[in-house]
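Following: one structure in structure tokens, then a few remarks.
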Amino acid sequence: MDTNLFPIGMEKHIVFVIIATIFFILQFIRTKRWYQLVMAAAFCISLMIYIAPKNKTFFYGIGITEAVLLFTALVLNIVQAVRISRAEKAKKAAEEAEKKAAGETEKKLPDEDAGENEANAAEDAAAEETEA
């Protein structure tokens, strides 16, 4: 292929694709972000350029496919980031509500004990007045 059109050789391109594909698959396993699988596929599809390097239609078809895959990866990344952020906010809100509820029950327990102590003190005072 013309070096002005494709600046690296086939061997370097294959090594790059293998490394990038492994990296994105490992990242997907680690983070479960779907755009990483799309990127791994896009790298692999870029190797198809060597099937018919002189055919302009095939060349542009691969280019359009790559553009669609990159756009899909971008959209998937944005959608999943929004979903993850909403889930994290909901989780934080639930944790705060749980802490607040636990804090209110802790506050009520000493108040109830104080109320019982006051009632017991009033009963004791009433009992002492009856005795006197």
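The values are calculated or read from the model by the stated rules, or taken from the named source; none is laboratory data. As the structure is a prediction and not an experimental result, all values here were calculated from the model. We place every Cβ from the backbone using ideal geometry, glycine too, and count neighbours over all the protein chains shown.
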Next item on the list: Please specify each residue of the range 52-99 satisfying the condition of being within 19 Å of Pro7 (Cβ to Cβ) and in a loop (DSSP other than H, G, I, E, B).
Entry: Pro53, Lys54
Check: Any idea which residue in the range 3-51 is farthest from Ile78 (Cα to Cα), counting only those that are hydroxyl-bearing (Ser, Thr, Tyr) and loosely packed, with under 14 Cβ neighbours inside 10 Å?
Finding: Thr3
Next item on the list: May I ask you to list pairs of residues, at least six apart or on different chains, whose Cβ atoms are under 7 Å apart, with the first in the range 43-72 being farther than 18 Å from Val17 by Cα and the second being among the aromatic types (Phe, Trp, Tyr)?
Entry: Ala52/Phe58
Note to self: Suppose we keep only residues that are of a type in the set (S, T, N, Q) and modelled with pLDDT of 95 or more within the range 48-76. Which one would you say is farthest from the chain's Cα centre (by Cα)?
What the structure shows: Thr65
